[in-house]
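All remarks here apply to the structure that follows.
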Amino acid sequence: MTKKSLLFICQVFLAALVYAQDGSSGPAVSGTKAIGASSLRDPEIYPNPCRQSFSISPVSDLQCIKIYDLQGREVLTREGSDNTGVDVSLLPSGSFVVQLITATAVLTKKLVVD
């Protein structure tokens, strides 16, 4: 495991701890918040788990969607503000981390691909 991968995994778990301690409902692994995200409504990824594609509840000013495997490798990037379905049919089954990047925040969510 590279230093970059380890750093990414540590950031995800740290974000999960922050989310769990901020009084939000649900387990920490279902969604995390990043610095600057407190003013945003917590978006949802659905369906989750998914097979071919997933959608995201509206996120204002969405600029980019990045998907990482659990080793911290970026496996998919989608630029733009389109909240419609994100095709994950080429990804293997497993767990992934989805980053929703806006102008003011980076939101991190867990995704399971069947």
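Return yes or no: is Leu111 surrounded by 14 or more Cβ atoms within 10 Å (Cβ to Cβ) and modelled with pLDDT of 90 or more?
Against the criterion (surrounded by 14 or more Cβ atoms within 10 Å (Cβ to Cβ) and modelled with pLDDT of 90 or more), Leu111 qualifies.
Looking only at region 82-96, how many residues end up being loosely packed, with under 12 Cβ neighbours inside 10 Å and modelled with pLDDT under 90?
2
Scan region 95-114 for residues that are part of a loop (DSSP other than H, G, I, E, B), farther than 15 Å from Arg51 by Cα and out of contact with any Asp or Glu (no Cβ under 8 Å at 6 or more places or on another chain) and report the count.
Residues meeting the conditions: 1.
If Asp42 passes every condition in (1) over 18 Å from Val113 (Cβ atoms); (2) in contact with a Gly (Cβ under 7 Å, 6 or more places away or on another chain); (3) at pLDDT 90 or above but one, which one does it miss?
Status for Asp42: all satisfied but (3).
Return the pairs, sorted by first residue and then second, in which the second residue is polar (S, T, N, Q), the first residue lies in region 81-96 and is under 13 Å from Tyr68 (Cβ atoms), the beta carbons are less than 8 Å apart, and the residues are 6+ apart or on different chains.
Val88/Gln52; Val88/Ser53
Residues that are over 13 Å from Lys109 (Cβ atoms): which strands (runs of 3 or more DSSP E) entirely in region 41-94 hold 2 or more of them?
Strands (runs of 3 or more DSSP E) meeting the threshold: 62-69, 74-79.
The values are calculated or read from the model by the stated rules, or taken from the named source; none is laboratory data. The shown structure was predicted, so the numbers you read here are calculated from the model rather than taken from an experiment. Note that we place each Cβ from the backbone using ideal geometry, even for glycine, and neighbour counts take in every protein chain shown.
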